[in-house]
Amino acid sequence: MHPAFELAIVAVIVANAIVLGMGTYADLATDHEAIFDAVYNVFLAIYVVELLIRLTACRWSPREFVRDGWNVFDFVVVAVAFVPGLRENAMLLRMVRLLRIVRLVRFLPDLRLLVSAAGRSVPGVASLASATFVLIFIYGMVGWVLFADHAPESFGNVGQAMLTMFVMLTLENFPDNIAMGQQVSHWTIVYFISYVLLASFLIFNLFIGIVLNAMEEARIRDREEHETDDLLTRLRAAREALEDAERELQKAPPAIT
């Protein structure tokens, strides 16, 4: 789409966000409820027109339209507003209106890249989360064995112990736990230090590595998609030029022999 068109839609979405924020002020929303409803309807009408323009750009081909996942997302967000009974549910209506602001991601390349990277990192993060859970469980059980009698509020059972170890991922209560452990045995420092090294440092670094790798993959995929779109645009332009040339040839008078 033309950059001016994209910029205009961004301006509309930003204005929509501002109006949504203004609607959180009870006095303002109550005194001007009719105005707010009218403005929301104007925004909705603009989004519908935008969808029609995008569909026109795709030559009214649903297959080509849904090739872009953002087109599908935009269509769903706009179509939900026409679900019967939605306007009677104030909370659901606000959530639907808020979803329209998410569309801003489509027009910000860097933010779109981050969202794509977040999606690509889900499998790796899920595996890392499973490993972290196992690590917390093991250290929680060991902590219960070591400190259940001395710190029942933190290690009284495996659930409390795992919660304590989870909080310690942020090093929030690390000094207090070290001091408590020293009252039991000086060797407990090995327990806490090894946990911090494995959980706080190693796992966090692995998490960062997974996210960075996902961002690189998303960047490569985005570059490939742009190259593919450029190629398709050139092919479409070439096909249109050939069709125009063919029509001109058909209009030309036959040669006299």
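Read-outs: derived from the displayed coordinates by stated rules, not from any lab. These numbers were taken from a predicted model, which means no experiment stands behind them. In this analysis, Cβ positions are derived from the backbone assuming ideal geometry, glycine residues included, and neighbour counts consider all displayed protein chains.
Summary of values
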read-out: Segment D244-L212, extension gain: residue separation times 0.36 nm, minus the distance between their alpha carbons; value: 6.7 nm
read-out: Note, ³J(HN,Hα) from phi for the range 118-131, Karplus 6.51, -1.76, 1.60, rounded to Hz, x at Gly and Pro; value: 4, x, 6, 7, 4, x, x, 5, 5, 5, 5, 5, 5, 5
read-out: For the range 151-157, 3J(HN,Hα) per residue [Karplus equation, 6.51 cos²θ - 1.76 cosθ + 1.60, θ = phi - 60°, Hz, x = Gly/Pro]; value: 9, x, 5, 10, 10, x, 8
read-out: Gyration tensor over alpha-carbon atoms, the range 122-237, equivalent ellipsoid semi-axes in Å; value: 47, 12, 9
read-out: Over the range 133-246, relative contact order from alpha-carbon pairs under 8 Å, at least 6 apart, %; value: 16
read-out: Exposure proxy ranking, count of Cβ atoms within 10 Å, fewest first, for T164, T233, T132; value: T233, T132, T164
read-out: Gyration tensor verdict on the range 26-151 (Cα atoms; rounded if a/c is under 1.5, prolate if a/b is larger than b/c, oblate otherwise); value: oblate
read-out: Relative contact order of the chain, pairs being alpha-carbon contacts under 8 Å that are 6 or more residues apart, as %; value: 15
read-out: Of F43, F82, F107, the one that fluctuates the most in a GNM where the chain has Cα springs shorter than 10 Å; value: F82
read-out: Relative counts (whole %) of C-alpha pair distances in the range 1-97, using bins that are 10 Å wide; value: 13, 43, 31, 12, 2
